[in-house]
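What follows is calculated from the coordinates using simple rules that are stated; it is not laboratory data. Predicted model, so just to flag it, every value in this text is computed and none were measured. Cβ atoms come from the backbone with ideal geometry, glycine included; neighbour counts cover every protein chain shown.
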Amino acid sequence: MATPYPGNLTQFAERGAEQALGPIIRRIHMPDLVDALRLGWEDFKAVPSHAIMLCVIYPVLGIVLARTVLGYSVLPLLFPLAAGFALIGPFAALGLYELSRRRERGEEASAWHATEVLQSPSFGAMLGLGALLLTIFVVWVATAQAIYVSMFGNAPAAGIPHFLTTVLTTPRGWELIVVGCGVGFLFAVVALCISVVSFPMMLDRHAGAGDAITTSLRAVARNPIPMAVWGLIVAVLLVLGSLPLFLGLAVVIPLLGHATWHLYRKVVEPDPNPPQIPPRGKIKRSAADFPVSLFQWRRSDDQTQ
């Protein structure tokens, strides 16, 4: 009987050990990032109507935040608030992952289907991780405010021209940029590491938040350079989308959301035994069911008991 090649035995053992830790993580390269963006763009072109439903909140929120910031003379927080979109974006793109998943499986995909993510068995875990990202966002804004106050005091900025001149042409302004961007980079790294594939994995495998975060950390550890480049791509696109009064985010957010799903597919090997969910029959509901009928996953759980 032939003896297997020792190298194959080593690879088999390594693969078995990795499977014991969780989903198998592939190594990816720069062309994979480009391909993920290409596939994300194809999804966006195929289902463009979801931009109004899911992403108009971003430019609207950006304009409201800008007006609030200017109205209350806390102009220094405008950039931290805009940059913070990158921290909570993975959660806001849940519906986009669902649309990409449906197109991948050859199923009908329209704007309305994005809401089916609410029926996912792991939606509670998604909410938990989303709350964690929101906490990181709040801490980041508070930290940015503390950095500004430590350098310029509590005196409000006199106006946009004066603020920009102070930040861009004075040593204290340069220090603010360096320190603020450095600290913001750390927050972004944390958010990227725990969420780069977490939400798509919870939607695809119905995993818990802990398992999803662990897999995301493993993905970053196995592909540090490509993931760093991906984070840079996200940051650059969000900045470009924010420049025209945040209106560009209506395109950037869907693109990144769809592309993140395809990045997940490239990084995490498919589950050989995907979870099966029994088909949900249509249930007639009366007006008395409102607003409980909005939370369909809860009703389904109750009916199975």
TODO: Kindly put 174, 140 in sequence by how many other C-beta atoms sit within 10 Å of each C-beta, fewest to most.
DONE: 174, 140
TODO: Can you tell me the dipole magnitude for segment 26-269 around its Cα centre, using point charges on the Cβ only (Lys, Arg +1; Asp, Glu -1), in Debye to the nearest 20?
DONE: 260
TODO: Once you have the Cα-Cα distance between residue 154 and residue 46, take 0.36 nm times their residue separation minus that, and quote the gain in nm to one decimal.
DONE: 34.0 nm
Task: Cβ-derived FRET efficiency at R0 41 Å, residue 174 paired with residue 118, nearest 0.05 - done: 0.30
Open item on the list: With a cut-off of 8 Å between alpha carbons and a minimum separation of six or more residues, what is the relative contact order of segment 26-269 in percent?
Closed with: 40
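DSSP loop (so not H, G, I, E, B), at most 15 other Cβ within 10 Å: list which trypsin sites (Lys or Arg not before Pro) in segment 94-187 pass both filters. Don't jump to the answer; show the numbers that get you there.
Values: sites: 101, 102, 103, 105, 172; in loops: 105.
Answer in residue order: 105.
Determine, for each peptide in 190-202, 116-128, 83-95, the mean count of other beta carbons within 10 angstrom over its residues, then list the peptides with the highest first. Please report the intermediate quantities before stating the final value.
Values: 190-202: 24.1, 116-128: 17.7, 83-95: 22.1.
Highest-to-lowest ranking by the protection proxy: 190-202, 83-95, 116-128.
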